[in-house]
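Note sheet for the following structure.
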Amino acid sequence: MLLCLSRIAMSSEGVGEDCLAWAARDASGVLSPYKFNRRELGSEDVYVKITHCGVCYADVIWAKNKHGDSKYPVVPGHEIAGVVAKVGPNVQRFKVGDHVGVGTYINSCRECEYCNDRFEVHCVKGSVYTFNGVDYDGTITKGGYSTSIVVHERYCFLIPKSYPLASAGPLLCAGITVYSPMIRHNMNQPGKSLGVVGLGGLGHMAVKFGKAFGLRVTVFSTSMSKKEEALSLLGADQFVVSSNQEDMRALAKSLDFIIDTASGDHLFDPYMSLLKISGVLVLVGFPSEVKFSPASLNLGSRTVAGSVTGGTKEIQEMVDFCAANGIHPDIELIPIGYSNEALERVVNKDVKYRFVIDIENSLK
């Protein structure tokens with residue numbers, strides 16, 4: 001920890017301007033204009049002028065103190081894209097003018113086994129969240145609903161200039177949350193079958209990755225209203241309303257993999273029955289509980305796993321994969337002044353499929 005603190009404290013120059021932002025001041029979660037100063041630029045830091053920031057349900061959680069640990073004022077945002085404006089003298093990977101992204105965490109101990117394996121999200125001492133986290137110098141982190149950010153280069157990701165910055169931010173949370181377990185559990189085998197539970201920000205990216213990997217993709221939703229977009233817009237092969245027991249039974253033991261993105265409470269046994277022998281279900285949503293019969297697991301030699309985001313190595317690999325294969329999240333571009341309405345629409349699941357704030361053109 002002392003090593004990390006020294007890295008932050010070694011500054012080469014100030015960033016020289018106020019950071020404009022929108023912040024929540026209390027548990028109402030209402031955002032309004034706010035001004036603060038980013039920390040000094042360290043020797044291994046990059047100073048990023050933010051152009052865009054995606055809107056994630058995590059922004060709602062900490063703006064409204066849903067976990068009881070919000071540290072106001074809260075500046076949300078951990079799906080950040082922008083342009084490098086300054087670099088510290090020891091920065092190796094970036095230069096001024098590069099397009100970069102910053103995801104859900106901006107620091108870690110850099111010493112433990114997980115950091116050494118570039119799986120920093122599971123840092124033993126705790127990865128430092130991009131906003132509402134406590135950094136190693138004791139400061140409270142502030143996120144991407146702002147005009148700039150200073151980050152150690154390890155936690156920045158190069159975005160090819162051919163890839164739109166407006167599309168890049170959502171890859172760094174929604175995208176990596178499904179990409180990481182898909183790679184870990186070998187869901188990139190052409191010809192295999194994938195079920196995607198829930199068609200929101202995470203689910204629509206799982207469909208896109210599944211098709212890019214050559215999988216046969218079936219979308220499960222509680223709403224028939226999403227059928228047309230699942231099949232026509234996203235290219236899924238099949239759509240099933242999960243409450244239709246006849247259609248569910250018809251798919252028994254037909255899927256190699258399931259990515260479950262649903263955070264609302266739901267039954268797991270019906271989905272477990274859809275897996276082939278030795279099939280894998282990965283949960284990336286956060287329902288209040290997970291319950292299933294041991295027979296659903298044991299009799300089919302099935303695996304149930306969980307996942308969050310990913311390490312820095314695989315995040316960069318995912319960004320490169322998306323750029324190489326033309327994979328873009330479906331976004332609705334909004335000005336910063338619409339952020340309060342956007343958060344309410346996220347709560348109401350009224351977005352297809354990710355809001356992205358146009359920081360560059362609306363936060364001035």
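What shape does the range 56-108 take by its C-alpha gyration tensor, where a ≥ b ≥ c are the square roots of the eigenvalues and a/c under 1.5 counts as rounded, a/b above b/c as prolate, and the rest as oblate? Verdict is prolate for the range 56-108.
Each of 106, 288, 356 was placed along the dipole of the chain (beta-carbon charges, centred on the mean Cα), and the one lying farthest toward the positive end is 288.
Ordering 72-81, 169-178, 118-127, 189-198 by mean Cβ neighbour count within 10 Å, with the highest value first, yields 169-178, 72-81, 189-198, 118-127.
On a 0 to 90° scale, report how tilted helix 201-212 is relative to the longest principal axis of the chain, with both axes built from alpha carbons and the result rounded to the nearest 10. That helix lies at roughly 70 degrees to the long axis. Among (i) 169; (ii) 131; (iii) 235, find the value of volume of the Cα convex hull per residue in Å³ that was calculated from the structure presented, and write down its label. Computed from the coordinates, volume of the Cα convex hull per residue in Å³ corresponds to (ii).
Across the chain, C-alpha contacts under 8 Å between residues 6 or more apart give a mean separation that, scaled by the residue count, equals a relative contact order of 17 percent. With respect to the chain, whose longest principal axis is taken over its alpha-carbon atoms, helix 174-184 is tilted by about 60°.
Largest mean-square fluctuation among 353, 179, 338, in a Gaussian network model of the chain whose springs join Cα atoms under 10 Å apart, belongs to 338.
Kindly identify the range 319-363 as rounded, prolate or oblate by the Cα gyration tensor criterion: order the square roots of the eigenvalues as a ≥ b ≥ c, call it rounded if a/c is under 1.5, otherwise compare a/b with b/c, prolate if a/b is larger, else oblate. Oblate shape, in that a/c is at least 1.5 and b/c is the bigger or equal ratio. For the range 222-279, the square roots of the Cα gyration tensor eigenvalues, ordered a ≥ b ≥ c, give a/c of at least 1.5 with a/b greater than b/c, which places it in the prolate category.
Every helix of 4 or more DSSP H residues in the chain counts as -39500 (n - 2.57), and over all residues that averages to -6000 deg cm²/dmol at 222 nm. 3J(HN,Hα) along the range 142-158: 10, x, x, 7, 7, 8, 7, 8, 10, 9, 4, 4, 4, 9, 10, 10, 6 Hz, from the Karplus curve 6.51 cos²θ - 1.76 cosθ + 1.60 with θ = phi - 60°, whole Hz, x for Gly and Pro. Accessible surface for the chain, divided over its residues, is 41 Å² per residue with a 1.4 Å probe.
Candidates 53, 77, 328 compared by Cα position along the dipole of the chain: farthest toward the positive end lies 328, with charges placed on Cβ. Relative to the 2.2 N^0.38 Å rule of thumb, the range 189-299 has a C-alpha radius of gyration ratio of 0.98.
Report the trypsin sites (Lys or Arg not before Pro) located in the range 244-277 that are in a DSSP loop and have at most 11 other Cβ atoms inside 10 Å of their Cβ, or state none.
Values: sites: 249, 253, 276; in loops: 253.
Listed in order of number, the matching sites are 253.
The values are calculated or read from the model by the stated rules, or taken from the named source; none is laboratory data. Quick caveat, the model's predicted, so the values are computed rather than measured. All Cβ positions, even for glycine, are placed from backbone atoms using ideal geometry, and neighbour counts span all protein chains on display. Just so you know, the surface numbers come from the protein's heavy atoms only, side chains and all, with ligands and any DNA or RNA stripped out. Shrake-Rupley method; radii C 1.70, N 1.55, O 1.52, S 1.80 Å.
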